[in-house]
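Report on the following structure.
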Amino acid sequence: MKKIKRHLRRTGFEQYYPRNFISQVFSGKTIARIIFNELVASHCLKLTGRVLDLASGGHSDYKQYLPDDIELIKTDSFMIDGVAARVDFNERFPFSDNEFDAVLFFNALYIAEDRVATLREVHRVLKSGGSLYLSMPLLYGEIPEPVDYCRLTYQGLEKELKEAGFLSINIIRYGERFTAAALLLHPFFKFNVVRFPVFVLSLLLDSLIPQGFRTRHPAPLGYFCFNRK
């Protein structure tokens, strides 16, 4: 593995892949999860105070990329080990108005029957000036955990965030056609040693897509956004 890292540094390819890339590939993570972890590490570094983590389960692997000194309140639809509160997206959240400095809402909005109503609940429990960090897949297989109702485009996600009351909205498209193909084919990569060259190639080919073409004809894996109340 050290030889691989040295080779990538010599070729200049290191700029195309996220931190801990090799170890994440060989631990079996998908290309979408690897890119998502990089976004969390890059954009959630300055989280402070009391942070609500929606649909996180008890042991989310992205926790390692969050600051150590935040008060993280983990939630899920069932009370399991590591979860502090049960949250059903189709009901009022069991928290007071203006209670949290930030909310993490990663890869779960598609579970909500009424997405805008769920986002309004997020808006309600955030303090004034608080931030919502949200990710949403687009080019992705169905994820019935326990249900999967929709995929939103950039414009659709922006529209629903505005309807929920968020005014400062920043949406990042992540991934493109080749990483999307690598993700959809992931179940067929039986060995990590196969995943590595496929993931490297998909990231490289994505990076070669002209920015103008990306803008006119986007086909991202999904979206990562941060929004202020």
**Request:** For the stretch 170-182, just list the computed ³J(HN,Hα) in residue order, Karplus coefficients 6.51, -1.76 and 1.60, θ = phi - 60°, integers in Hz, with x standing in for Gly and Pro.
**Result:** 10, 10, 10, 7, 10, x, 7, 4, 6, 5, 5, 5, 4
**Complete:** Under the Karplus relation with 6.51, -1.76 and 1.60 and θ = phi - 60°, whole-Hz ³J(HN,Hα) for the stretch 63-75, x at Gly and Pro, equal 4, 5, 9, 9, x, 6, 9, 7, 9, 9, 9, 7, 9
**Message:** If I fit a long axis through the Cα atoms of helix 192-208 and take the longest principal axis of the Cα atoms of the chain, what angle between them do I get, 0 to 90°, rounded to 10?
**Reply:** 80 degrees
**Asked** How large is the helix-only mean residue ellipticity at 222 nm for the chain, computed as the sum of -39500 (n - 2.57) over DSSP H runs with n ≥ 4, divided by its residue count, in deg cm²/dmol to the nearest 500?
**Response** -10500 deg cm²/dmol
**Message:** Let me make sure I get this right: for the stretch 164-206, a, b and c are the square roots of the gyration tensor eigenvalues over alpha carbons, sorted descending. Under 1.5 in a/c it's rounded, otherwise prolate if a/b > b/c, else oblate. Which is it?
**Reply:** prolate
**Prompt:** Thinking of the stretch 145-229 as a set of Cα atoms, what percent of all their pairs are more than 14 Å apart?
**Reply:** 70 percent
**Asked** Any idea what the dipole of the stretch 99-229 comes to, in debye rounded to 20, about its Cα centre with Lys/Arg Cβ at +1 and Asp/Glu Cβ at -1?
**Response** 420 debye
**Message:** I want the local charge near GLY28. Using Cβ-Cβ distances under 12 Å, sum +1 for each Lys or Arg and -1 for each Asp or Glu among the other residues.
**Reply:** +3
**Message:** Could you give the length gained by full extension between ILE209 and GLN64, i.e. 0.36 nm per residue of separation minus their alpha carbon distance, to one decimal place?
**Reply:** 49.1 nm
**Item:** Amide H within-cut-off set for SER77, under 5 Å, with H built and near neighbours excluded
**Value:** VAL87
**Fill in**
For the stretch 43-56, in residue order, the Karplus 3J(HN,Hα) values (coefficients 6.51, -1.76, 1.60; θ = phi - 60°; whole Hz; Gly and Pro = x) are 10, 10, 5, 9, 4, 9, x, 8, 10, 8, 10, 7, 6, 7
**Message:** With both bridge residues required to lie in the stretch 99-229, what share of the DSSP beta bridges run antiparallel, to the nearest 5%?
**Reply:** 70 percent
**Asked** In debye to the nearest 20, how big a dipole does the chain give about its Cα centre with +1 on each Lys and Arg Cβ and -1 on each Asp and Glu Cβ?
**Response** 1280 debye
**Message:** Rg over Rh of the stretch 53-169, using C-alpha atoms and the Kirkwood radius, what does it come to?
**Reply:** 0.93
**Message:** So for each of 125-136, 177-188, 30-41 I average, over its residues, the number of other beta carbons within 10 Å; can you give me the resulting order with the highest mean first?
**Reply:** 30-41, 125-136, 177-188
**Fill in**
Note on the chain, DSSP bridge orientation, antiparallel percent to nearest 5 equals 45 percent
**Prompt:** Using modelled backbone amide H atoms (1.01 Å from N, in-plane), which distant-in-sequence or interchain residues come within less than 5 Å of LEU126's amide H?
**Reply:** ASN98, GLU99, PHE100
**Asked** In whole angstrom, how long is each semi-axis of the equivalent ellipsoid of the stretch 2-228, when you take the square root of 5 times every eigenvalue of its Cα gyration tensor and sort them from largest down?
**Response** 31, 20, 17
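Coordinate-derived values only; no laboratory data. Bear in mind that the values here come from a model prediction, so they are computed numbers and not experimental data. FYI the Cβ positions are ideal-geometry reconstructions off the backbone, even for glycines, and counts take in every protein chain you see.
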